[in-house]
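Here is the structure we will look at, set down as structure tokens.
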């Protein structure tokens, strides 16, 4: 299978990890040799309830017996999508009450950009340096990392970049600005949290000049940071919130949510202002609905902060310089990219799945399922500490 994977399936890097997966259950993934790996990554923050969560699986199976795709998005009333959108609205602050369901987070980002342009009649989009919002041309255009996008130019025009957490840069948001797109916590840059009411100040500036603040919650949203939505930690309610990853419980989904008054603008002048065939797919929506119910009706959100402290307590080593992030969105920082590489690769050999961040080469991603137990956390920390003890730093 590995040979066919490398030959017939398009690759994203020259050297993929290429684990040959047999099955996954709970907090573990098993390869074709029945070796188990404790999952400290959760499909890059996507498998919020772990693997094969029974409520998610049952929701999928129940929907399979009713209907699959029946019509392009927005024409028919389909119960899973309607209930998911309604449940999201019930947990979001006013005026965020209307959701457009998409196939992925990056598609939702593109939809949010279009919404900002449609509502304001402006074209300028402002994003942050070292931002990551996805890889469609629209999302790529607001990626704040030239090395990863230079090969694909020309991209979307009228994009300006500011420094995250730099208050003076907020003045670059003007009456020419349609929307400001920021990650609530910068992911690829190294899990950088907003400081000193930064997001609140950006929102106030947007209100003053008539721009929309779009917060990308694709990673920090859906319970990962101790609140259902990451922005709840930072005294800010955006005009548009974008979700994905963990919302699907292991199934592909994205969503952008705004006020009804704003969202209705996508339906006319022109009609079909934003359209997708498979967005809101009933099977995906059923999985997401089960996921959101489980996260909001259990103690998982509160437990993320307790589990964060457990990780911080047990991951103390000379090769870990700091641990960034919040809840179960954590990055263990090391002295060098070489050490990080050794940790990730040797961790997999030892049965612990870790991963990298996009732009910060010294970071080790720790984003396990929200359902991971305290015992499993201690098991993973023990493996990671054992790996750290064997690493020989190179100069």
The residue that is nearest to residue 120 (Cα to Cα), considering only those in the range 239-269 that are in a loop (DSSP other than H, G, I, E, B) and in contact with a helix residue (DSSP H, G or I) (Cβ under 6 Å, 6 or more places away or on another chain), is 253
Report yes if residue 57 is in contact (Cβ under 8 Å) with a residue 12 or more places away in the chain, within 22 Å of the chain's Cα centre (by Cα) and under 28 Å from residue 307 (Cα atoms), otherwise no.
no
When the range 310-338 is examined, which residues are found to be surrounded by fewer than 19 Cβ atoms within 10 Å (Cβ to Cβ) and assigned to a helix (DSSP H, G or I)?
310, 312, 313, 314, 337, 338
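For the range 138-177, name all the residues that are assigned to a strand (DSSP E or B) and over 23 Å from the mean Cα position of the chain (by Cα).
Across the range 138-177, the qualifying residue is only 177.
For every residue, the table says whether it meets (1) at pLDDT 95 or above; (2) under 16 Å from residue 242 (Cβ atoms); (3) surrounded by 15 or more Cβ atoms within 10 Å (Cβ to Cβ); (4) in contact with a strand residue (DSSP E or B) (Cβ under 6 Å, 6 or more places away or on another chain).
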| position | (1), (2), (3), (4) |
| --- | --- |
| 109 | yes, yes, yes, yes |
| 120 | yes, no, yes, yes |
| 129 | yes, no, yes, yes |
| 143 | yes, yes, yes, no |
| 148 | no, no, yes, no |
| 164 | yes, no, yes, yes |
Name the residues in the range 15-31 that are surrounded by 12 or more Cβ atoms within 10 Å (Cβ to Cβ), part of a loop (DSSP other than H, G, I, E, B) and touching a residue at least 40 places away in the same chain (Cβ under 8 Å), would you?
19, 27
Note on residue 115: of the conditions (1) buried (at least 23 other Cβ atoms within 10 Å of the Cβ); (2) more than 26 Å from residue 328 (Cβ to Cβ); (3) in contact with a strand residue (DSSP E or B) (Cβ under 7 Å, 6 or more places away or on another chain); (4) without any contact (Cβ under 8 Å) to a residue 60 or more places away in the chain, unmet is (4)
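What about residue 233, is it surrounded by fewer than 24 Cβ atoms within 10 Å (Cβ to Cβ), in contact (Cβ under 8 Å) with a residue 60 or more places away in the chain and more than 16 Å from residue 109 (Cβ to Cβ)? Give the steps one after another, and end with the answer.
On the way: surrounded by fewer than 24 Cβ atoms within 10 Å (Cβ to Cβ): yes; in contact (Cβ under 8 Å) with a residue 60 or more places away in the chain: yes; more than 16 Å from residue 109 (Cβ to Cβ): yes.
The answer is yes for residue 233.
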Within the range 186-229, the count of residues that are surrounded by 24 or more Cβ atoms within 10 Å (Cβ to Cβ) and under 16 Å from the mean Cα position of the chain (by Cα) comes to 16
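The values are calculated or read from the model by the stated rules, or taken from the named source; none is laboratory data. Quick caveat: nothing in here was measured; it's all calculated off a predicted structure. Glycine gets a Cβ as well: all are built from the backbone with ideal geometry, and neighbour counts include every protein chain shown.
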